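Following: one structure in structure tokens, then a few remarks.
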Amino acid sequence: MTTNQTLESFDLAGVVVGETAISNVEGEAGRLSYRGVDINDLVQRPFAEVAWLVLFGRSADAAQQLQLNRFLCEHADLTQEECDILKRLPPHLHPMLVLQGMVPLIELPTEQTLGLGLDAEQGLVLAAKLSGLIAAWYRAEQGLAPLGGGPDDNFHANFLTRLHGQVPDADAVKMLDATQILQMEHSFNAGTFAGRVCASTLAPIQSVISASIGTLYGRLHGGADQAALEMAQAIGEPEKAAAYVARCLAEKTKIMGMGHREYRTVDPRAKLLKPMATELCHDADSRRLLDTLIAVEQACQQEFAKRDKEIWANVEFYKGAVFHSLGLPSHFFTAMFAMARVYGYIAHFLEFSRDSRLIRPRARYVADDTPA
């Protein structure tokens, strides 16, 4: 495109703004892959193996997976200074605002120890700290002191131990691993693109991650998971779902978690998460919420079929039931999303930094007729 040509797209839909080898979202076909590996395969692998693949583009052997798990568990511990800052924050601050504000304040290493590059190591320290911050803020809301981690050979077992004070069972770790793998990376989504814009100014990685987390907080992005679960809680039971959907459609109210900007068929992540949630959500309250969500999706599909249209739930829709079964309140769901997506943010920072250029779109000026 020459400098004399102008392309207008107020939401950048359909505009190619860069290249990536990290993930491929094939919306028409309903496929998602990381580094060329289909998500159906990846969800069966250990979390550390998938994180390594996303970050570095190659598979990790058992020793490298153990190394990554132990590094993350070690650096999830908060320093005394970080704990002191948390104590001075307003007690009812949303966890996403805590994460966005704390990330730039974390002291990062100035020398690498893993042999993966300093930028990568700094990013991994931030990824580890997110888990420590989430667990500490969750406990602070309950008037409890932060805890050290449990097992150091499994990052998510370590996190759940920090959260609840007891080593989780294998099903809980399996469910968290799968959920976090499914939401680890998704090409140029809003949060990732915001991070790339920030990185294009040569801002440091902590500023980039903070910008991405702030973008993820929005209800039209990562915040849909909290909204979907709270919708199910408000509906109360599956039998009331059809009336709720009919009312929303009549009032033109958006049903959070239904449909996806990219996928024209079922979201492949939701396709995997829904049966997993059905299998592993054992307690009665989580099961009722899950059944209510399923009833909402079915009611939406029936209503849209009357209009010769199709609609499917996205990954945000069902993961709330998973997080609820793990003992997390709904306002922590998006923070859990950030805890997974941070590996994608780091990978894009590393990829983009190799050949960065300042992102600077144009605006069409519209005169303001209001008197000065």
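The values are calculated or read from the model by the stated rules, or taken from the named source; none is laboratory data. Because the structure is a prediction, the values reported are computed rather than measured. Using ideal geometry, Cβ is built from the backbone for each residue, glycine included, and neighbour counts are taken over all protein chains shown. All accessible areas refer to the heavy atoms of the entire protein, side chains included, with ligands and DNA or RNA removed. Shrake-Rupley method; radii C 1.70, N 1.55, O 1.52, S 1.80 Å.
Here is how the numbers come out for the structure above:
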{"read-out": "Conditions (1) in contact (Cβ under 8 Å) with a residue 60 or more places away in the chain; (2) within 28 Å of ARG357 (Cβ to Cβ): number failed by MET96", "value": "(2)"}
{"read-out": "Close pairs from the stretch 191-206: first under 21 Å from ARG219 (Cα atoms) and open to solvent by 30 Å² or more (accessible area, probe 1.4 Å), partner in a loop (DSSP other than H, G, I, E, B) and of a type in the set (A, V, I, L, M), Cβ under 6 Å, at least 6 apart", "value": "VAL197/ILE359"}
{"read-out": "Residue within the stretch 30-38 that is part of a loop (DSSP other than H, G, I, E, B), under 24 Å from LEU118 (Cβ atoms) and either modelled with pLDDT of 95 or more or open to solvent by less than 70 Å² (accessible area, probe 1.4 Å) (or both) present", "value": "yes"}
{"read-out": "Only listed residue being of a type outside the set (D, E, K, R) and more than 25 Å from LEU216 (Cα to Cα), chosen from PHE71, PHE47, PHE56", "value": "PHE71"}
{"read-out": "Every residue from the stretch 1-29 that is of a type in the set (S, T, N, Q), part of a loop (DSSP other than H, G, I, E, B) and surrounded by 13 or more Cβ atoms within 10 Å (Cβ to Cβ)", "value": "THR20"}
{"read-out": "Of the criteria (1) assigned to a helix (DSSP H, G or I); (2) in contact with a Leu (Cβ under 9 Å, 6 or more places away or on another chain); (3) charged (D, E, K, R), which one ASP177 fails", "value": "(2)"}
{"read-out": "Of the criteria (1) without any contact (Cβ under 8 Å) to a residue 12 or more places away in the chain; (2) open to solvent by less than 60 Å² (accessible area, probe 1.4 Å), which one VAL54 fails", "value": "(1)"}
{"read-out": "Sole exception among (1) open to solvent by 40 Å² or more (accessible area, probe 1.4 Å); (2) over 16 Å from the mean Cα position of the chain (by Cα) for PHE352, by number", "value": "(1)"}
{"read-out": "Conditions (1) farther than 25 Å from ARG354 by Cβ; (2) surrounded by 17 or more Cβ atoms within 10 Å (Cβ to Cβ); (3) touching a Gly at 6+ places or on another chain (Cβ under 7 Å); (4) not polar (S, T, N, Q): number failed by PHE159", "value": "(3)"}
{"read-out": "Filtered residue count, the stretch 105-134, keeping only those that are open to solvent by 40 Å² or more (accessible area, probe 1.4 Å), closer than 17 Å to TYR343 by Cα and not hydrophobic (A, V, I, L, M, F, W, C)", "value": "1"}
{"read-out": "Which listed residue is more than 30 Å from ALA29 (Cβ to Cβ) and surrounded by fewer than 22 Cβ atoms within 10 Å (Cβ to Cβ), from ALA63, ALA76", "value": "ALA63"}
{"read-out": "Enumeration of residues in the stretch 138-156 that are out of contact with any Asp or Glu (no Cβ under 8 Å at 6 or more places or on another chain) and open to solvent by less than 10 Å² (accessible area, probe 1.4 Å)", "value": "PHE155"}
{"read-out": "Matching residues in the stretch 187-221 - criterion: being farther than 29 Å from ASP38 by Cβ and either at pLDDT below 95 or not in a helix (DSSP H, G or I) (or both)", "value": "SER200, THR201, LEU202, ALA203, PRO204, TYR217, ARG219"}
{"read-out": "Failed criterion for SER187 (all others in (1) touching a strand residue (DSSP E or B) at 6+ places or on another chain (Cβ under 6 Å); (2) small (Gly, Ala, Ser); (3) open to solvent by 30 Å² or more (accessible area, probe 1.4 Å) hold)", "value": "(3)"}
{"read-out": "Tally, over the stretch 212-255, of residues that are aliphatic (A, V, I, L, M), surrounded by fewer than 22 Cβ atoms within 10 Å (Cβ to Cβ) and closer than 18 Å to HIS94 by Cα", "value": "2"}
